[in-house]
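A short reminder: the numbers here are calculations on the coordinates, not readings from a lab. The model shown is predicted, which means the values in this text are computed figures rather than measured ones. Ideal geometry is used to build each Cβ from the backbone, glycine not excepted, and the neighbour counts take in all protein chains shown.
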Amino acid sequence: MAGKATTRAPAAKAIAGDKGKPAKAVAKLLRSARAESQASALAVGARLRTVREKAGLSQRELAKRAGVTNATISLIEQESHAPSLASLHRILNAIPISMAEFFALPTSHRNVLFYDKDELASVTRGAAALSVLGSERRDKKLQMFFERYAPGAGTGNELISHDGETAAVIVQGVVEIEVDGKVRRIESGGGFQFFGKHPYRLTNIGKTTAIVVCAVTPSMI
């Protein structure tokens, strides 16, 4: 297990790629996630996820029925997007459930969650793609990221740092991590862990896509 690797934890900030676009995407996601809207106050996301699962529908299936994108359903369930009444009405009709029945449902913080691969929240796409697991719970202590880097892609030129704990496993490929002024090569099956703030940079130096699964605490998104 490589010891010099830096964690993907700052994934939110770093996962952006080599051009800095990911950082902007993450910042935008953080702002929207923190924004208080009337819809989030009514727990639209939690209710929608509950009725969708009871109906036996995946996010993809519901999106297709309602004529919206997968991302729209995902963001609503994460309370990161407040749909218009017209959009919500169209989505509920696709389940189907009336608006009155929908808002009469009780809401709660579930402690056991399951996700299909297309239900992870996508933070960045392209050569450096980052997905987040469990972003709908605001009170979580732990957060996990699923990261994919094309050959030559990485977290970008700017070093990333996270004031907490970060641990990651290289599931596929080989990456190079620069941390504390040193460089370490880590192959598939290896990993890295950091305690405290250690600025780092990660790059896929292999010829195939590198896949990294990272966990950070406290959560970032």
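Brief remarks on what is shown
- Taken along the Cα-to-beta-carbon direction at a fixed 7 Å, the label points for Ser84 and Thr208 span 4.7 nm.
- With the simple spin-label model, which puts each label point 7 Å out from Cα in the Cβ direction, the Thr69 to Glu187 separation comes to 4.0 nm.
- Partner aspartates and glutamates for Lys141 [C-alpha distance under 14 Å; skip if fewer than 8 residues away on the same chain]: Asp163, Glu165
- As a rough footprinting exposure proxy, the listed residues Thr50, Thr217 were ranked by other beta carbons within 10 Å of their own, and the order from fewest upward is Thr217, Thr50.
- Exposure proxy order (Cβ contacts within 10 Å, fewest to most) of Thr69, Thr203: Thr69, Thr203
- Neighbour-count order for Leu48, Leu202, Leu85, Leu130, fewest beta carbons within 10 angstrom listed first: Leu85, Leu48, Leu130, Leu202
- Amide H partners (placed H, <5 Å) of Glu165, local residues excluded: Gly196, Thr217
- 3J(HN,Hα) along segment 79-92: 6, 9, 9, 9, x, 6, 4, 5, 5, 5, 4, 5, 5, 5 Hz, from the Karplus curve 6.51 cos²θ - 1.76 cosθ + 1.60 with θ = phi - 60°, whole Hz, x for Gly and Pro.
- Compared with the direct C-alpha span, the chain from Leu113 to Glu158 gains 12.8 nm at full extension, assuming 0.36 nm per residue.
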